[in-house]
Structure formats: C-alpha cells, structure tokens
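One structure below.
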Amino acid sequence: MLLESILEDEAEQSITDLAQKLGSDRSTIGRNVHILVRDGLVSLSRGSDRREHTVYVTKKGRETVSLANPLWQKAQTAVADTLGSDQLTMLKALLSQLEEMSI
C-alpha cells in the first residue's frame, strides 16, 4: 500500500523517493498520490527544489491505514490458507521474477 510506504519513514517523502522505494516510476506514483490527495489521505508540499513535491499522510490517511491493516491481514491469511505453503512460496517467487523484469 502506498499510504503504508509513506508512513514507514514517519517523515515527508518526495514522490521520486517513493517511486524508487516502491520500484515504480515517478509518473505512476505521482498519479496515485494525486488520487490520495483528492481523497484527503495525503497532502503535498513543495520540496527544496521547485520541481519536487513532498508527500505526507494526513490524520484521515493514518486512520484509514489503521482500519485497512486488519482487512489486509485477513486477506493475506485467506490467500495463504487457500494456496498452502508450497504454492504460496511459488507465487512469491514468480512475483519476485516479475518485479525484477520491471513490468
């Protein structure tokens, strides 16, 4: 989750830094951040460079992450229970390979 990634550092982060951290491109992260801004979950401010924007999670965003985490954990458990250990390991390996391909 993008919000969770922003919260990990407990500080404002630039869109560029988030893109690098998440292994995505800046434009994709920027589009997603603007949706979060629209929904009041994050705010943007100017960075040290006029071209750079920093992102921080709002109170509403923090509350949303707190509400979403148990649901995310429940979904993760359901997938693990459905697939079983071997298939879950295989799925993670395949996803890692896709990530390395930068799809």
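The values are calculated or read from the model by the stated rules, or taken from the named source; none is laboratory data. Please read all numbers here as calculations on a predicted model, not as lab measurements. Neighbour counts are summed over all protein chains in view; Cβ atoms, including those assigned to glycine, are modelled from backbone coordinates with ideal geometry.
Report, by residue number, each residue of segment 36-61 that is under 13 Å from the mean Cα position of the chain (by Cα) and either more than 18 Å from GLU8 (Cβ to Cβ) or assigned to a helix (DSSP H, G or I) (or both).
Correct list: LEU36, GLY61.
State which residue pairs qualify: first residue surrounded by 10 or more Cβ atoms within 10 Å (Cβ to Cβ) and inside segment 76-103, second residue not hydroxyl-bearing (Ser, Thr, Tyr) and not in a helix (DSSP H, G or I) in any location, beta carbons under 9 Å apart, and separation of 6 or more residues or different chains.
Cβ pairs passing all conditions: GLU99/GLY23.
Residue-by-condition table, conditions (1) touching a helix residue (DSSP H, G or I) at 6+ places or on another chain (Cβ under 8 Å); (2) closer than 28 Å to MET101 by Cβ; (3) surrounded by 12 or more Cβ atoms within 10 Å (Cβ to Cβ):
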{"residue": "GLU8", "(1), (2), (3)": "no, yes, no"}
{"residue": "VAL33", "(1), (2), (3)": "yes, yes, yes"}
{"residue": "ARG51", "(1), (2), (3)": "no, no, no"}
{"residue": "THR64", "(1), (2), (3)": "yes, no, yes"}
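Which residues, taken from segment 5-35, are small (Gly, Ala, Ser), modelled with pLDDT of 90 or more and under 13 Å from the mean Cα position of the chain (by Cα)?
Answer for segment 5-35, where residues must be small (Gly, Ala, Ser), modelled with pLDDT of 90 or more and under 13 Å from the mean Cα position of the chain (by Cα): just GLY30.
Every residue in segment 1-35 that is part of a loop (DSSP other than H, G, I, E, B) and either of a type in the set (A, V, I, L, M, F, W, C) or without any contact (Cβ under 8 Å) to a residue 12 or more places away in the chain (or both), please.
Answer for segment 1-35, where residues must be part of a loop (DSSP other than H, G, I, E, B) and either of a type in the set (A, V, I, L, M, F, W, C) or without any contact (Cβ under 8 Å) to a residue 12 or more places away in the chain (or both): MET1, ASP9, GLU10, ALA11, SER24, ASP25.
Filter segment 42-64 down to residues that are aliphatic (A, V, I, L, M) and in contact with an Asp or Glu (Cβ under 7 Å, 6 or more places away or on another chain), then give me how many there are.
Number satisfying all stated conditions: 1.
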